[in-house]
Amino acid sequence: SQTIHQWPATLVQPVGSPLSLECTVEGTSNPNLYWYRQAAGRGLQLLFYSVGIGQISSEVPQNLSASRPQDRQFILSSKKLLLSDSGFYLCAWSENRAWYFGPGTRLTVT
Amino acid sequence: DAKTTQPPSMDCAEGRAANLPCNHSTISGNEYVYWYRQIHSQGPQYIIHGLKNNETNEMASLIITEDRKSSTLILPHATLRDTAVYYCIVSYSNTDKLIFGTGTRLQVFP
């Protein structure tokens, strides 16, 4: 069966520090992969999606970037974090018109 | 642009049916209706989806009106564990993006 992993589960980082969040999917090949963010008390915002290795589409302009170095690996990065980057980051994959979400990473920028 | 309208909150007594409405008056012929829910601090969980026929699975039933401009998610026997934010989403069949709105916060009470 397919599973999706995200790490770390929680992270506290100072403003201006770099960020790297990782997502991996098991049990499937060539999935569509997604990064979402949920700010405190807000809905889920689609940040990036990828239909294949090296193919990244950005949904909103922001301080973040995404990369897909391997088929089942999706990385969310930032060179310098802002306070507004705090939130709950969710990775998801889709197959056959169904989307599946990971457990999420809660990021607090201080 | 979420393209759906849902009431912000609803209450339901435990053991009763919860009927969650969704308006999607601008839906086009190749767009699916999806329902997800998010329990606090977790990733969204897939519930059900449909195109034009009513659908039922082990979690819920989805009733789509004949003109497809609205739908209702039915949880037949709500439990306390069904307390969550429920999202109704429409998605093109060929874009593979899931855009969340603000959802309905369902509170199931004893």
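The values are calculated or read from the model by the stated rules, or taken from the named source; none is laboratory data. Computed from a prediction, not measured in an experiment: that's the story for all the values here. Don't worry about glycine lacking a Cβ; one is built from the backbone with ideal geometry, like all the others, and counts go over all protein chains shown. Each accessible area value is taken on the protein alone, full model and side chains, heavy atoms only, with ligands, DNA and RNA left out. Shrake-Rupley method; radii C 1.70, N 1.55, O 1.52, S 1.80 Å.
Details
- Restricting the calculation to Cα atoms, the protein assembly as shown shows an Rg/Rh of 0.98 when the hydrodynamic-style radius is the Kirkwood one.
- Built amide H within the under 5 Å cut-off of residue B:105, gap 5+: B:9, B:10, B:86
- Take each residue of peptide B:31-43, count the partner chain Cβ atoms within 10 Å of its Cβ, and average: the result is 3.
- In this structure the amide hydrogen of residue A:32, modeled in the peptide plane, comes within under 5 Å of the amide hydrogens of A:94, none closer than 5 places in sequence on its chain.
- With all protein chains in place and a 1.4 Å probe, the accessible surface of chain A carries 52 percent carbon and sulfur.
- Accessible surface of residue B:99, taken over heavy atoms with a 1.4 Å probe and every protein chain present, rounds to 50 Å².
- For residue B:3, a cut-off of 18 angstrom between C-alpha atoms picks up these lysines, skipping any fewer than 8 places away in its own chain: B:52, B:69, B:97.
- Convex hull volume of the C-alpha atoms in region B:43-99, normalised per residue: 103 Å³.
- Alpha-carbon spread of chain A, three principal axes, descending order, Å: 38, 25, 21
- Share of carbon and sulfur in the accessible heavy-atom surface of chain B [1.4 Å probe, %]: 48
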